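The values are calculated or read from the model by the stated rules, or taken from the named source; none is laboratory data. If you're wondering where the values come from, they're calculated on a predicted model, not measured in any experiment. As a convention, Cβ positions derive from the backbone with ideal geometry for all residues, glycine included, and neighbour counts pool all protein chains shown.
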Amino acid sequence: MAFKPRVAIVGPGRLGSALALELKRAGYRISEIVSGKSLASRRKARALARQVNARESAKGARLDAEVVWFCVPDREIARAARQLGAVVEWKGKIALHSSGALASDELRVLRRRGAAVASVHPLMTFVRGSIPSLRGEPFALEGDATALRAVGRIVRDLGGEAFSIPKKKKMGYHAWGAFASPLLIALLVTGEKVARAAGLSSAEARRKMLPILRQTLANYAKLGPAGAFSGPIVRGDADIVRQHLKELRKISAAREVYVALARAALRHLPVGNRKELEKLLRK
């Protein structure tokens, strides 16, 4: 296989778009953007194809690239692989998908046709209106040895950090990722509700929380969780925690989150006055 093989992207969504742009930046030729049948998918594929100097295709996919990267939703990976399995000869090709939860076996139909397959998941969040750089990002890899060798080079060229994840551990890995971004957002939006009870708007809460959020993450990176942990629980100030819980009775959903996280702190972090706090949180 060429040092920088041609890549076809199946699925012009947020992940597929980010990968295509980053691969082009790293010197890879994107030969084709394969869209779905919907008008919206075709429109996205045409726009992305123009950005990366590729062709856009739907029904007439050529798949003449050495690497075919499936960037469709998890539930569509196996179906897309079956649909494209008869389009070309797969022997000697590399087929990849980027699900964090599912194993490379989703591409088994292409493996049976001679392709080397792997799952390649960037531990990153992809949302509408933001295309993140993949420099320095970890990529969880699992699959056939041939595919892993090829994708390891690709990840290095992207400036990422490849690491292996066993097939049976993927769902746990994906749950961990949920804590790193989507559930963190759920925590922050819960915080906004508490801020509104204190008289701030949601927009004000977001703006005013950013400095402490940035510093907390910087502390976590530099000092670890114990060194970054602050507030009444680490001090063992049970009276303040009691007052928090009383105030949060007005916002029952936020109170449940507070109690769950406070209990997690008692289990995993250094705290003062542990017995009294445990008693308080059991009530």
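Points worth noting:
- Residue in segment 250-271 that is modelled with pLDDT under 95, more than 26 Å from Ala180 (Cα to Cα), surrounded by fewer than 12 Cβ atoms within 10 Å (Cβ to Cβ) and not β-branched (Val, Ile, Thr) present: yes
- Subset of segment 82-95 that is touching a helix residue (DSSP H, G or I) at 6+ places or on another chain (Cβ under 6 Å) and without any contact (Cβ under 8 Å) to a residue 60 or more places away in the chain - its residue that is surrounded by the most Cβ atoms within 10 Å (Cβ to Cβ): Ala95
- Only a single criterion out of (1) part of a loop (DSSP other than H, G, I, E, B); (2) not assigned by TED's automatic domain parsing to the domain that holds Ala253 is not satisfied by Gly199, namely (2).
- Any chance Leu245 is in the same structural domain as Ala198 (by TED's automatic domain parsing), touching a Pro at 6+ places or on another chain (Cβ under 7 Å), surrounded by 13 or more Cβ atoms within 10 Å (Cβ to Cβ) and more than 16 Å from Leu187 (Cα to Cα): no
- Counting only helices (runs of 4 or more DSSP H) that sit completely within segment 209-283, those holding 2 or more residues that are within 27 Å of the chain's Cα centre (by Cα) and touching a residue at least 40 places away in the same chain (Cβ under 8 Å) correspond to 252-268.
- Hits in segment 62-81 (condition: over 25 Å from the mean Cα position of the chain (by Cα) and either crowded, with 20+ Cβ neighbours inside 10 Å or farther than 22 Å from Leu39 by Cα (or both)): Asp64, Ala65, Glu66
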